[in-house]
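First the structure, in the form of structure tokens, and then the observations on it.
The values are calculated or read from the model by the stated rules, or taken from the named source; none is laboratory data. Source: prediction; values computed, not measured. A quick note on method: Cβ atoms are made from the backbone with ideal geometry, for glycine too, and the neighbour counts reach across all protein chains shown.
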Amino acid sequence: MPIVNRFHDLTEEITAWRRDLHENPELLYDTVRTSAVVADKLREFGLDEVATGLGKTGVVGIIKGKGGGAGPVIALRADMDALPILERTNKPYASKTPGVMHACGHDGHTAMLLGAAKYLAETRNFGGTVAVIFQPAEEGGAGAKAMIDDGLLTRFGIERVFGMHNMPGMPVGTFAIRPGPLMASADRLRITIDGLSGHAAKPHLSRDPIVAGAAIITAAQSIVARNADPLEAAVLSITMFHAGTTDNVIPSSAELRGTVRTLLPEMRDLIEARLEAMVAQVGAAYGVEARLDYSRDYPVTANDAAEASFAADIAAKVVGETNVDRNVVPTMGGEDFSFMLNERPGAFIFAGVGEDVANLHNDAYDFNDELIPVGCSYWTTLVETALPRTA
């Protein structure tokens with residue numbers, strides 16, 4: 001969907017920023033170059049304040065509206081980090097760092113928020129204050145929490161928070177959101193099994209951790225199948241099983257790893273408690289010692305109902321009501337913007353990046369630059385609506 005406004009003229013410049021970031025991806029908190037590029041551009045745009053080093057490598061820019069910024073403070077957030085994936089797009093601006101690529105579109109998120117910051121700093125057609133947040137380590141590093149722990153929300157007096165993520169499979173010019181849970185909590189589990197090694201021909205003289213591990217995997221699936229309310233979403237996936245070194249030795253130990261994802265805190269509690277009991281009891285039944293280490297990583301990403309409605313209204317202003325899904329089906333993927341939504345009212349929205357774009361976290365994925373004027377327009381329309389000028 002064409003957007004004919006200031007961003008129509010800026011799209012080529014913002015695209016160049018995006019492709020430079022794509023060429024130079026960085027992981028987790030190691031977004032040193034990316035953070036420097038962002039901070040330099042924000043200073044070039046004439047922001048009122050540019051703060052660096054929050055959450056190790058996070059950057060925050062402050063833009064005051066008419067009246068010196070008096071009034072409410074809202075925040076817009078983009079993530080900056082890439083993924084440990086070998087890129088196979090064969091694009092001229094493909095990653096120059098082997099084994100690292102922007103496979104989730106964070107380069108596009110960063111570029112769009114930079115474009116919005118440039119426009120807002122030029123026009124100041126709003127009251128109050130906007131904080132533009134550029135966050136590291138979304139991909140498993142909880143960078144949002146690290147920035148909060150460094151005083152992000154209190155230092156800048158942030159009252160409301162908004163996030164956006166591109167979504168393959170949705171046409172450019174469409175948005176999707178819902179009140180309440182939009183994305184799942186994301187937890188990690190590690191099960192360690194200690195048995196007794198021995199000869200494969202004499203299993204009765206051993207305590208086999210592989211057989212015990214297989215039993216634990218099978219039993220664990222019954223938690224979702226038989227303990228969880230079938231009307232509530234939950235996923236328990238064992239994704240790693242490491243044991244043994246050769247074909248004629250029963251090993252002494254095994255290790256399982258996986259994830260648990262839920263949309264309700266009480267479901268999260270249930271699965272952790274049942275898994276803890278099941279691991280110990282199945283291990284005892286097989287004569288091995290089995291231990292569970294359960295790590296709660298990202299909470300449920302839950303939109304405030306009023307803010308979700310507001311964000312949908314903004315999207316409708318940009319692309320039209322028929323192009324906004326206000327009650328999209330939740331996804332079981334995780335997102336650390338959840339930490340910000342736990343602290344302040346706000347909303348997270350999906351923006352269509354194209355029906356033919358490869359899936360997120362795929363080595364053939366590339367952000368569709370046609371989304372740039374749409375995403376930038378969403379940000380600036382949100383600011384100018386949330387913070388209307390009073391003079």
**Fill in**
For the range 321-355 the number of residues that are within 14 Å of PHE175 (Cβ to Cβ) and in contact (Cβ under 8 Å) with a residue 60 or more places away in the chain is 14
**Request:** Find all pairs meeting these conditions: Cβ atoms under 7 angstrom apart; at least six residues apart or on different chains; first residue within the range 227-246 and free of Cβ contacts under 8 Å to residues at least 24 places away in the same chain and under 14 Å from ILE193 (Cα atoms); second residue surrounded by 15 or more Cβ atoms within 10 Å (Cβ to Cβ) and of a type in the set (D, E, K, R).
**Result:** MET240/ARG257
**Request:** Would you point out the residue of the range 229-275, among those that are among the charged types (D, E, K, R) and part of a strand (DSSP E or B), that is farthest from the chain's Cα centre (by Cα)?
**Result:** GLU255
**Prompt:** Does ASP325 meet the test of being among the charged types (D, E, K, R) and over 17 Å from the mean Cα position of the chain (by Cα)?
**Reply:** yes
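GLY334: farther than 18 Å from ILE133 by Cα, surrounded by 19 or more Cβ atoms within 10 Å (Cβ to Cβ) and in the same structural domain as GLY55 (by TED's automatic domain parsing), yes or no?
For GLY334, the condition - farther than 18 Å from ILE133 by Cα, surrounded by 19 or more Cβ atoms within 10 Å (Cβ to Cβ) and in the same structural domain as GLY55 (by TED's automatic domain parsing) - is met.
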**Message:** Please determine whether any residue of the range 199-220 is of a type in the set (Val, Ile, Thr) and either under 30 Å from PHE337 (Cα atoms) or not assigned by TED's automatic domain parsing to the domain that holds TYR294 (or both).
**Reply:** no
**Prompt:** Which condition does GLU139 not pass, out of (1) outside any loop (DSSP other than H, G, I, E, B); (2) touching a Cys at 6+ places or on another chain (Cβ under 8 Å), if it passes all the others?
**Reply:** (1)
**Complete:** Residues of the range 11-29 being assigned to a helix (DSSP H, G or I) and not β-branched (Val, Ile, Thr), in sequence order, are GLU12, GLU13, ALA16, TRP17, ARG18, ARG19, ASP20, LEU21, HIS22, GLU23
**Fill in**
Of the candidates THR110, THR154, THR123, THR174, the one satisfying the condition of being among the hydroxyl-bearing types (Ser, Thr, Tyr) and under 22 Å from ALA36 (Cβ atoms) is THR110
